[in-house]
Amino acid sequence: MKTTLQFTLLLFLIVSCHHITVSKEEKAAVKLEVENILSKADQQAYLEYLFNEDQRLRQGQSADLTIKYGFSSKEHKEFIRKQQKLDVINFMRVEAYLEKFGYPKKDDFSTLANTAIWAVVEHSISYKSMKRVFPILYKAYQEGDMEASGLEWLLQSMHELKYGNKADRDSSQPYRAEEEIERLINKLKL
């Protein structure tokens, strides 16, 4: 039952996301934001801002609205649309950041700043978008700038978007994040 509800919610989010449009002004604002990042301190502040923006609408408000008004209510639907729009804009921010700076080096930034990129990408509900930035994130993982847990989380989300479910892990074998990452990469044909 829980899996069916999760899949239904995911399908609802995917279908409704296709109606989200970003205005020319919003696109220009994102471009300008990234162009105005001039120093490491600016990068640090921007990455932390991205993380906080990503988490802003993930503090239980959806559940509260569902309980108060119902899952199909206009209030809940409007909240989901706001969250999706923010996710789309945040993904644009990440792409622009990655294009200009690449993945943040672990030794140069706080854990929060380093986590921002994959957290935003993981919340994208577009497999194509995730796949587009995956090579940069995989390289960051290989170079030690991205935690294995973050990449595995991202790959699980990609698997769920592509196949409609989380990838099963062989529980008869000891868990090794590196092996799980390679297994998911192979399964996703990345």
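Computed quantities for the displayed model
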{"quantity": "In order through the stretch 92-99: 3J(HN,Hα) via Karplus (6.51 cos²θ - 1.76 cosθ + 1.60), integer Hz, x for Gly, Pro", "calculated": "4, 4, 4, 4, 5, 5, 4, 5"}
{"quantity": "Per-residue [θ]222 nm for the chain (sum of -39500 (n - 2.57) over DSSP H runs n ≥ 4, rounded to 500)", "calculated": "-24000 deg cm²/dmol"}
{"quantity": "Residue 66-residue 27 FRET efficiency (beta carbon distance; Förster radius 41 Å; 0.05 resolution)", "calculated": "0.80"}
{"quantity": "Residue among 154, 57, 47 with the largest mean-square fluctuation in a Gaussian network model of the chain, springs linking Cα atoms under 10 Å", "calculated": "57"}
{"quantity": "Candidates 42, 108, 170: whichever shows maximal mean-square fluctuation once the chain is modelled as a Gaussian network with Cα springs under 10 Å", "calculated": "170"}
{"quantity": "Quarter of Cα convex hull surface for the chain, i.e. mean projection, nm²", "calculated": "11.9"}
{"quantity": "Simple spin-label estimate for residue 126 and residue 182 in nanometres, 7 Å along Cα-Cβ", "calculated": "3.3"}
{"quantity": "Fluctuation leader among 173, 55, 142 - the chain, Gaussian network, Cα springs under 10 angstrom", "calculated": "173"}
{"quantity": "Estimated dipole of the chain in Debye, rounded to 20 [Cβ of Lys and Arg +1, of Asp and Glu -1, Cα centre]", "calculated": "760"}
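Values in this text are rule-based calculations from the coordinates and carry no lab data. Small disclaimer: the values here were computed from a predicted structure and weren't measured. We place every Cβ from the backbone using ideal geometry, glycine too, and count neighbours over all the protein chains shown.
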